[in-house]
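J.: Please read through the structure below; I'll follow up with questions.
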Amino acid sequence: MKGRFITFEGIDGAGKSSHVEWLAEWLRAQGKTVHVTREPGGTALGEKLRALLLNDDMHLETETLLMFAARREHLARVIEPALARGEWVVCDRFSDATYAYQGGGRGLDRSKCQILEHWVHDHVQPDLTLLFDLPLDVARERIVLANRVLDRFEQERVDFHERVRQAYLERAQHHPGRICLIDANHPLENIRQKLEQIVIERCS
Ligand code: TYD
């Protein structure tokens with residue numbers, strides 16, 4: 001039996017993280033073995049790189065290379081072995097985030113992202129990507145209401161986040177078979193129903 005690889009994406013404040021755990025529980029209730037993980041992070045080394053990436057200033061290419069270094073480790077130690085065992089992996093962000101944040105947000109040449117993507121995981125792509133989308137002002141309001149310390153990306157200006165959002169939407173247009181757009185400006189219960197429906201349709 002083949003395992004499935006599902007990724008969650010969206011601008012900061014889109015609320016995807018609260019759906020990650022819920023979907024994993026729902027899948028477990030269907031009898032699946034599910035690993036919940038995140039990027040940057042997911043391994044001991046990856047979590048150290050995450051701390052640097054979220055807090056320390058660095059050159060854009062350093063940032064991109066570290067994202068992919070953490071990803072390589074994550075694939076080798078967690079994602080690929082789980083999929084090979086026929087298990088499911090639910091991951092909070094993956095390479096679409098690099099295209100959206102480093103590419104769209106910061107303006108990194110797309111071809112550089114593509115080179116790294118081919119190098120690091122040409123052979124592994126998500127089976128399904130759930131892209132949570134909502135207007136920027138609603139996302140910003142959610143972040144303000146959460147009232148916590150903001151990381152380096154969350155502290156970026158509104159125009160950065162608008163570019164990230166547009167880059168995500170473009171990726172959804174270019175990969176309609178994999179990326180499924182979710183309107184995150186709906187009550188939690190409606191979104192959960194939609195997630196169930198999508199996973200049944202696309203991963204059965
Ligand atoms: P995030 O999922 O927002 O963590 P949390 O829910 O704990 O705030 O991820 C952290 C940040 O990392 C997010 O702002 C986007 C950024 N990021 C990139 O810029 N590029 C990437 O390739 C990835 C995976 C994340």
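J.: If the chain were replaced by its equivalent ellipsoid, with semi-axes equal to the square roots of 5 times the Cα gyration tensor eigenvalues, what would those be, largest first, whole Å?
T.: For the chain, the semi-axes come out at 24, 21, 16 Å.
J.: What do you get for Rg/Rh over the range 5-83 if you use C-alpha atoms and the Kirkwood form of Rh?
T.: 1.01
J.: Now, a different point. Compare the Cα positions of His59, Val144, Cys113 along the charge dipole of the chain (+1 at Cβ of Lys, Arg; -1 at Cβ of Asp, Glu; about the Cα centre) and return the one farthest towards the positive end.
T.: Cys113
J.: Any aspartates and glutamates with Cα under 19 Å of the Lys194 Cα? List them, leaving off those in the same chain fewer than 8 positions away.
T.: Glu9, Glu21, Glu25, Asp92, Asp127, Asp133, Asp183
J.: Still on this model: Per the Kirkwood definition applied to all pairs of different Cα atoms, how many angstroms is the hydrodynamic radius of the range 140-204?
T.: Result for the range 140-204, one decimal place: 14.3 Å.
J.: Evaluate E = 1/(1 + (r/R0)^6) for Glu162 and His123, where r is the Cβ-Cβ distance and R0 equals 25 Å; express this FRET efficiency to the nearest 0.05.
T.: In this case the efficiency is close to 0.15.
J.: Can you work out the FRET efficiency for the pair Asp137 and Arg192, with r the C-beta to C-beta distance and R0 = 30 Å, to the nearest 0.05?
T.: Here the calculated transfer efficiency is 0.80.
J.: How much length is gained on full extension from Gln114 to Arg85, taking 0.36 nm per residue of separation minus their Cα-Cα distance?
T.: Gain on stretching Gln114 to Arg85: 7.6 nm.
J.: Averaged per residue, what accessible surface does the chain expose to a 1.4 Å probe, in Å²?
T.: Accessible area per residue: 49 Å².
J.: Count the net charge of all other residues whose Cβ sits under 13 Å from the Cβ of Pro176, scoring Lys and Arg as +1 and Asp and Glu as -1.
T.: +2
J.: Moving on to the next point. Would you please report the Å³ per residue occupied by the convex hull of the alpha carbon atoms in the range 1-46?
T.: Looking at the range 1-46, the number lands at 93 Å³ per residue.
J.: Under 10 Å, Cα contacts only: if you run a Gaussian network model on the chain, which one of Ala97, Ala44, Ala172 comes out with the highest mean-square fluctuation?
T.: Per the Cα network of the chain with a 10 Å cutoff, Ala44 tops the list.
J.: While we're here: When only DSSP loop residues count, what trypsin sites (Lys or Arg not before Pro) in the range 1-83 have their Cβ near at most 13 other Cβ atoms within 10 Å?
T.: Answer by residue number: Lys2.
J.: Another question, if that's okay. Ignoring ligands, DNA and RNA, what percent of the 1.4 Å accessible area of the range 1-95 is carbon and sulfur?
T.: C and S atoms contribute 53 percent here.
The values are calculated or read from the model by the stated rules, or taken from the named source; none is laboratory data. Because the structure is a prediction, the values reported are computed rather than measured. A quick note on method: Cβ atoms are made from the backbone with ideal geometry, for glycine too, and the neighbour counts reach across all protein chains shown. Each accessible area value is taken on the protein alone, full model and side chains, heavy atoms only, with ligands, DNA and RNA left out. Shrake-Rupley method; radii C 1.70, N 1.55, O 1.52, S 1.80 Å.
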